[in-house]
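Participant: Would you mind keeping the following structure in view while I ask a few things?
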Amino acid sequence: MYSTILTKLGRRLRLGMVGGGFDSVIGETHRIAYQTDGCYELVAGAFSIDQEISRATGAGLLVSPDRIYDDYRDMARREAARTDGIDVVVIATPPQIHKDVAMAFLNAGIDVICEKPLTKTVAEAEELAACVASSGRLFVLTHCYSGFPMVRHARDLVRSGALGRLRMIEVEFAGGAPGVSVEVEDPAQRHWRFRAASMGKEAVLGEVGSHAYHLMSYITGMLPQRLSARMQTLAARREVYDNAYLDFDYKEGVVGRLWASYVATGSQHGLSFRIYGDQASIEWREENAEYLHFRPLQTPEMILRSGQDGTSDFVARSSRFRPGHPEGYPLAFANIYAEAALALVAARTGTGSSDLMGNLPTIADGVAGMRMIAAATASNQKDGDWQPL
Ligand SMILES: NC(=O)c1ccc[n+]([C@@H]2O[C@H](COP(=O)([O-])OP(=O)(O)OC[C@H]3O[C@@H](n4cnc5c(N)ncnc54)[C@H](O)[C@@H]3O)[C@@H](O)[C@H]2O)c1
């Protein structure tokens, strides 16, 4: 299906990038992801806070020098004024400035693909959500793990009732690689993730917890009503929390639990979920992402493999290869770009895009994630008191 996107529009979508320079962690992943299906062409950018790095990044990516900007506001203005200006911008800066960058482009009439967590605060998230609504532009949040075929199939299974009545939703994003489980010796070398002044002491919830929280709602279609949170700082010399345990209550007695951590020593990536109903349960791990374990009560466990027949069209188009070929993280991330391209092209060719946006993480997911972080912060300050969501 992705192969028909370009013939509909007759050209590639013109993409701009803010952040994601050669000095960034995530920029290269975006470049691999948006190039996968050939739907996008990078034509402009303000790639780094450091202008030399921004220019070097643009030059390295063959962006025309007059479209490498020193400032994202200038980029939004000048790209909007061009007849061949960008269709969509991807924002891969630290989250503290997502709101200002996104609003500059939305107000210039440009669609936005934005990194998580949505913003720094709930107030900013709500202001941005209002801007998205009034602009009428598309807004996609790169909660990339929802791009895995077997995560999408888990969603189909849960929503079809195959697990019966849901009971427990358990999600972990507990990493422990040396780069995160040990604090650097020199505080001046800390990445912004580990500075309380950047995203607060609770940054672990935005960085990894928000992905886990998004999966809980993406798969089940449910948001919890209240939470209780406790957070700890376990690595020496660290000024932010690096471990968080959250409990959730849902309607109709469903309960949930989220563990976000940087100090699960030795854990490689650490994202997984287990969802239990009264008829069956499912389990998935990012490190073995091609497989979904399905455990009905009355039959032996089934290990479902991505790329097999018998899934929905949506899941089937999320696998580029037949079973046996590992696809993994880059293609999951690419699926977010491919689904976004479907929605962007549908909007441009007048075929409507609201149903296509239903498969993607959007502004509403970003606001929900920020509400979770604010409630967890309040709960932790009161030693785990339950807080409404
Ligand atoms: N989806 C994922 O799996 C995933 C993984 C890692 C990071 N992220 C998210 O991606 C975002 C970026 O994270 P990172 O680790 O790459 O951060 P980083 O600090 O390593 O890189 C940020 C980039 O933004 C640039 N930048 C900063 N201010 C700028 C400005 N005013 N104008 C233009 N460029 C500017 C920096 O120079 C750098 O190139 C964050 O929101 C983070 O949470 C997502």
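Participant: How long are the semi-axes of the ellipsoid equivalent to segment 208-297, from square roots of 5 times the Cα gyration tensor eigenvalues, in whole Å, largest first?
Facilitator: Here the semi-axes work out to 25, 18, 10 Å.
Participant: Charges at C-beta only: +1 for Lys and Arg, -1 for Asp and Glu. How large is the resulting dipole of the chain about its Cα centre, in Debye rounded to 20?
Facilitator: 600
Participant: So if R0 is 22 Å, what FRET efficiency would Arg348 and Ser64 give, r being the distance between their Cβ atoms, rounded to the nearest 0.05? Please list the in-between numbers first.
Facilitator: Working: r = 23 Å, r/R0 = 1.03.
So the FRET efficiency works out to roughly 0.45.
Participant: Taking DSSP loops as anything outside H, G, I, E and B, show the longest stretch in the chain free of GluC sites (Glu not before Pro) there with at most 14 other beta carbons within 10 Å.
Facilitator: Values: sites that count: Glu185, Glu239, Glu301.
Segment 1-184 is the longest.
Participant: ³J(HN,Hα) across segment 17-25 via Karplus (A = 6.51, B = -1.76, C = 1.60, θ = phi - 60°), whole Hz, x for Gly/Pro?
Facilitator: For segment 17-25, the Karplus-derived couplings read 9, 10, x, x, x, 5, 8, 9, 6 Hz, x marking Gly and Pro.
Participant: Also: Grab the DSSP H runs of the chain that are 4 residues or longer, score each as -39,500 (n - 2.57), total them, divide by all residues and round the 222 nm result to the nearest 500 deg cm²/dmol.
Facilitator: -10500 deg cm²/dmol
Participant: Stretched out fully, how many nm does the piece from Ala177 to Thr121 gain, at 0.36 nm a residue minus the Cα gap?
Facilitator: Residue separation times 0.36 nm, minus the Cα-Cα distance, leaves 17.4 nm.
Participant: Going by how many other Cβ atoms sit within 10 Å of their own, how do Tyr213, Tyr329 line up, fewest first?
Facilitator: Tyr329, Tyr213
Participant: Could you tell me the relative contact order of the chain? Use alpha-carbon pairs under 8 Å, at least six residues apart, and round to a whole percent.
Facilitator: In percent, rounded to a whole number, it is 19.
Participant: Estimate the FRET efficiency between Asp71 and Glu185 by the formula 1/(1 + (r/R0)^6), using the beta-carbon distance for r and 41 Å for R0, to the nearest 0.05.
Facilitator: After rounding, the FRET efficiency stands at 0.75.
Participant: From the Cα gyration tensor of the chain, with a ≥ b ≥ c the square roots of its eigenvalues, which class applies: rounded if a/c is under 1.5, or else prolate if a/b is larger than b/c, or else oblate? Present the calculation step by step, with values, prior to reporting the outcome.
Facilitator: Working: a/c = 1.65, a/b = 1.19, b/c = 1.39.
Oblate, because a/c is 1.5 or more while a/b does not exceed b/c.
Participant: Please compute the modelled spin-label separation between Arg165 and Gln279, points set 7 Å along Cα→Cβ, answer in nm with one decimal.
Facilitator: Roughly 1.3 nm, to one decimal.
Participant: Asn107 to Glu41: extension gain in nm, 0.36 nm per residue of separation minus the Cα-Cα distance?
Facilitator: Separation in residues times 0.36 nm, less the Cα-Cα distance, equals 21.5 nm.
Participant: Most exposed first by the Cβ proxy, i.e. fewest other Cβ within 10 Å, how do Asp247, Asp278 rank?
Facilitator: Final ranking by Cβ density, sparse to dense: Asp278, Asp247.
Participant: Next up: Note the count of lysine pairs whose C-alpha atoms are less than 20 angstrom apart in the chain, limited to pairs 8 or more residues apart or on different chains.
Facilitator: 6
Participant: Let me ask another. Using Cβ contacts closer than 10 Å as the measure, can you line up Ile5, Ile86 from fewest to most?
Facilitator: With the sparsest Cβ surroundings first, the list reads Ile5, Ile86.
Participant: Here's a follow-up. Per 0.36 nm of contour for each residue apart, how much would the distance between Gln232 and Ala81 grow if the chain were fully extended, relative to their Cα-Cα spacing?
Facilitator: Full-extension gain reported as 49.5 nm.
Participant: List the trypsin sites (Lys or Arg not before Pro) within segment 338-389 that fall in a DSSP loop (any state other than H, G, I, E or B) and whose Cβ has at most 13 other Cβ atoms within 10 Å.
Facilitator: Lys382
Participant: Still on this structure, I have one more. Once both labels are modelled 7 Å past Cα along the beta-carbon direction, what's the Met302-Asp383 spacing in nm?
Facilitator: Here the modelled spin labels are 4.8 nm apart.
Participant: Can you compute the FRET efficiency between Glu52 and Thr7 using 1/(1 + (r/R0)^6), with r the Cβ-Cβ distance and R0 = 41 Å? Round to the nearest 0.05.
Facilitator: About 0.55, to the nearest 0.05.
Participant: Sort segment 245-295 into rounded, prolate or oblate with this rule: let a ≥ b ≥ c be the square roots of the eigenvalues of the Cα gyration tensor; rounded if a/c is under 1.5, and if a/c is not under 1.5, prolate when a/b is larger than b/c, oblate otherwise.
Facilitator: Taking the square roots of the gyration eigenvalues as a ≥ b ≥ c, segment 245-295 is oblate.
Participant: Take every DSSP beta bridge with both residues inside the chain and express the antiparallel ones as a percent of the total, to the nearest 5.
Facilitator: Working: 37 of 63 bridges.
Bridges in the chain are about 60 percent antiparallel.
Participant: In whole Hz, with x marking every Gly and Pro, tabulate ³J(HN,Hα) for segment 242-251 from phi via Karplus 6.51 cos²θ - 1.76 cosθ + 1.60, θ = phi - 60°.
Facilitator: 10, 8, 9, 10, 10, 10, 10, 10, 10, 4
Participant: Give a residue-ordered list of calculated ³J(HN,Hα) values for segment 270-279 (Karplus: 6.51 cos²θ - 1.76 cosθ + 1.60, θ = phi - 60°; whole Hz; x for Gly, Pro).
Facilitator: After applying 6.51 cos²θ - 1.76 cosθ + 1.60, I find x, 8, 7, 9, 9, 10, 10, x, 7, 10 Hz.
Participant: List the residues, sorted by chain then number, that are 5 or more residues from Ala46 or on another chain and whose placed amide H is less than 5 Å from its amide H.
Facilitator: Under 5 Å from the amide H of Ala46: Met17, Val18, Gly19, Tyr69.
Just so you know, all these numbers are worked out from the coordinates, no wet-lab data involved. Computed from a predicted model, the values in this text were never measured in an experiment. So basically every Cβ, Gly included, is an ideal-geometry build from the backbone, and we count neighbours across all protein chains shown.
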